[in-house]
Amino acid sequence: MSRLLRPARVLLLGPPGSGKGTQTERLLKRFDLPGISSGDILRRHIKEGTEIGMLASSIINQGRLVPDDIMTEVVASELGRRHWLTPANSWLLDGFPRTRGQAEMLDSRELAPARAGLNFVVELVVPEHAILDRIANRLVHVPSGRLYNLTYNPPKVAGRDDVTGEPLTRRADDDPAVFRKRLHEYRASTQPLVEFYKNKGAGVVWSVAGETSDVIFAQLETEVVRRFGERVEETADCAEEAAGAAD
Ligand code: G5P
Ligand code: MG
């Protein structure tokens, strides 16, 4: 585990199934970087039966996007609740903003006043055939957002979350017809969003391609260290090793 030396405010973009959640989990473990996923927040609202959950449920199940103003409010309140909106904090967003409208609202209402604009927008590029294969085998633990795949990273006990032992579920929107609609929505909304961030400055947007999340993570990890620097934290294991070497 290591800490970043300079504040990193990261957005992960990519088509459904490209591995945003997977890369988020890995970055969080590797860099002690907190993150939130707009999809996970909505799924928790649905599970808890909130007003937002009731509205989002039918939209998600049709593969459409939740309206910009509602989505921005949901994520902004989460950012505020976690006290992340300062120039010094590092954090990561998975799947929000995903339209230019959301990016503009987030920027003008929340990030610019706090001098905490996004400084690293990562676009994951994964071939479509690889994506379709993954979705058929995905399971999730909704309370935590932890992800599994029956072939790539299966749970230790079939159908159960590794940490809590609670049941895993399939996402209703992983149905093939809904999934095609989600891919279509992604293609329609992404170009204007990427243009918005390209106009924020040279090098803010960075694309990374690969057939697997392992290949992508290796490149992403290197790029994060290059941009933000790292300080390796001493863990209990390191301390023991160092003590052993000194004996
Ligand atoms: P979500 O939840 O943000 P999507 O569609 O953007 O959903 P999704 O499906 O969550 O994205 P992902 O996070 O990019 O995909 O991918 P993932 O879950 O990490 O990986 C997919 C599967 O592949 C997993 O099972 C993983 O274990 C496996 N896997 C990963 N890497 C590999 C690999 O290398 N090999 C193999 N074999 N497997 C691998 O949004 C859902 C809905 O919520 C609403 C919309 O309705 C949206 O459709 N929503 C919003 N609406 C408006 N605005 C927003 N900002 C919104 N955010 C969410
Ligand atoms: Mg996801």
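The values are calculated or read from the model by the stated rules, or taken from the named source; none is laboratory data. On a predicted model such as this, the values are computed, not experimentally measured, just so you know. Don't worry about glycine lacking a Cβ; one is built from the backbone with ideal geometry, like all the others, and counts go over all protein chains shown. Just so you know, the surface numbers come from the protein's heavy atoms only, side chains and all, with ligands and any DNA or RNA stripped out. Shrake-Rupley method; radii C 1.70, N 1.55, O 1.52, S 1.80 Å.
What pairs in Lys20/Lys156; Lys20/Lys198; Lys47/Lys200; Lys47/Lys198; Lys29/Lys181 have C-alpha atoms more than 26 Å from each other? The answer is Lys47/Lys200; Lys47/Lys198; Lys29/Lys181. Qualifying chymotrypsin sites (Phe, Trp or Tyr not before Pro) in the stretch 143-187, where qualification requires a DSSP coil assignment and no more than 16 other C-beta atoms within 10 Å, comprise Tyr152. Between the DSSP loop rule and a limit of at most 12 other Cβ atoms within 10 Å, which trypsin sites (Lys or Arg not before Pro) in the stretch 123-205 are left? Loop-located and lightly packed - Lys156. Relative contact order for the chain: 31 percent, from Cα pairs under 8 Å spaced at least 6 residues apart, divided by residue count. Our analysis of the stretch 174-217 gives Rg over Rh at 1.09, with the two radii drawn from alpha carbon positions and Rh computed by the Kirkwood formula. Extent of the stretch 105-229 along its three principal axes (Cα atoms, max minus min coordinate, largest first): 46, 35, 30 Å. Ranking Met105, Met54, Met1, Met71 from most to least accessible surface, computed with a 1.4 Å probe over the protein chains only, gives Met54, Met1, Met105, Met71. Here's how it looks for Ser2: its modeled amide H is under 5 Å from those of Phe31, Asp32, Glu233, which are all 5 or more places away or on a different chain. To the nearest 10, the accessible area of Val126 is 20 Å² with a 1.4 Å probe.
Would you tell me the accessible area of Val157, worked out with a 1.4 angstrom probe on the heavy atoms of the protein chains, in Å² to the nearest 10? Looks like 90 Å² after rounding. For Glu104, the solvent-accessible surface computed with a 1.4 Å probe is close to 80 Å², ligands and nucleic acids excluded. For the chain, dividing the convex hull volume of the Cα atoms by the residue count gives 143 Å³ per residue.
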